[in-house]
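Undergrad: The structure under discussion is supplied below as structure tokens; questions concerning it will follow.
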Amino acid sequence: MTDNSLCGSWDMINNDNFEGFMTALDISIAVRKIAALLHQKKMIEQVGDFYIVKTLSIFRNYIISFKLDQEFEEYTRGMDDRHCKSVVTWQGNKLVCTQEGEKKNRGWAHWIEDDKLYLELYCEGEVCKQVFKRINS
């Protein structure tokens, strides 16, 4: 399954438990305090089964690219700077990434609901719930 409805530019409107998620990743308190204040934008592009997801802020940007259903080596540079083996699949209407590495039960899921982009980030029992609205261009 592919879903072009995820594609486009998105502006964050809600960010619940980002602090807890970052704590689970062992991100320093100084970086957590800065990151918690930031306003994120997300850009998602798709060509066939290949995706590029960009998370952008004035402090740090994180860009990930992947092909669906294929495991890849991910370096979470600019986040917690860890290496993990990741795979992204469709599970129903959700684009889900499982990240295997030093941290347990780690990954994320994107989906569309009521014209909004939802993202859940999870790691070791902590769940951050983010909501984005589409940026009209």
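Undergrad: If I filter the range 51-63 for residues that are touching a residue at least 60 places away in the same chain (Cβ under 8 Å) and outside any helix (DSSP H, G or I), do I get at least one hit?
TA: Checked against the condition, which is being touching a residue at least 60 places away in the same chain (Cβ under 8 Å) and outside any helix (DSSP H, G or I), the range 51-63 yields no hits at all.
Listed here are the residues, each with its yes/no results for (1) in contact (Cβ under 8 Å) with a residue 40 or more places away in the chain; (2) assigned to a strand (DSSP E or B); (3) out of contact with any Gly (no Cβ under 6 Å at 6 or more places or on another chain); (4) hydroxyl-bearing (Ser, Thr, Tyr).
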{"position": "73", "(1), (2), (3), (4)": "no, yes, yes, no"}
{"position": "77", "(1), (2), (3), (4)": "no, no, yes, no"}
{"position": "80", "(1), (2), (3), (4)": "yes, no, yes, no"}
{"position": "87", "(1), (2), (3), (4)": "no, yes, yes, no"}
{"position": "97", "(1), (2), (3), (4)": "no, yes, no, no"}
{"position": "104", "(1), (2), (3), (4)": "no, no, yes, no"}
{"position": "109", "(1), (2), (3), (4)": "no, yes, yes, no"}
{"position": "132", "(1), (2), (3), (4)": "yes, yes, yes, no"}
{"position": "136", "(1), (2), (3), (4)": "no, no, yes, no"}
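Undergrad: Right, another one. What is the one condition in (1) in a strand (DSSP E or B); (2) surrounded by 14 or more Cβ atoms within 10 Å (Cβ to Cβ) that residue 31 does not satisfy?
TA: The number of the failed condition is (1).
Undergrad: Now for a separate question. Please find, among 57, 65, the residue that is small (Gly, Ala, Ser) and either touching a His at 6+ places or on another chain (Cβ under 6 Å) or surrounded by 13 or more Cβ atoms within 10 Å (Cβ to Cβ) (or both).
TA: Only one candidate passes the filter, namely 57.
Undergrad: For the structure I just gave you, tell me whether residue 46 is modelled with pLDDT under 95 and either in a strand (DSSP E or B) or open to solvent by less than 50 Å² (accessible area, probe 1.4 Å) (or both).
TA: yes
The values are calculated or read from the model by the stated rules, or taken from the named source; none is laboratory data. Computed from a predicted structure; not experimentally measured. Cβ: placed from backbone, ideal geometry, glycine included. Neighbour counts: every protein chain shown. Ligands, DNA and RNA are stripped out before the accessible areas are found, and what is left, the full protein with its side chains, is counted by its heavy atoms. Shrake-Rupley method; radii C 1.70, N 1.55, O 1.52, S 1.80 Å.
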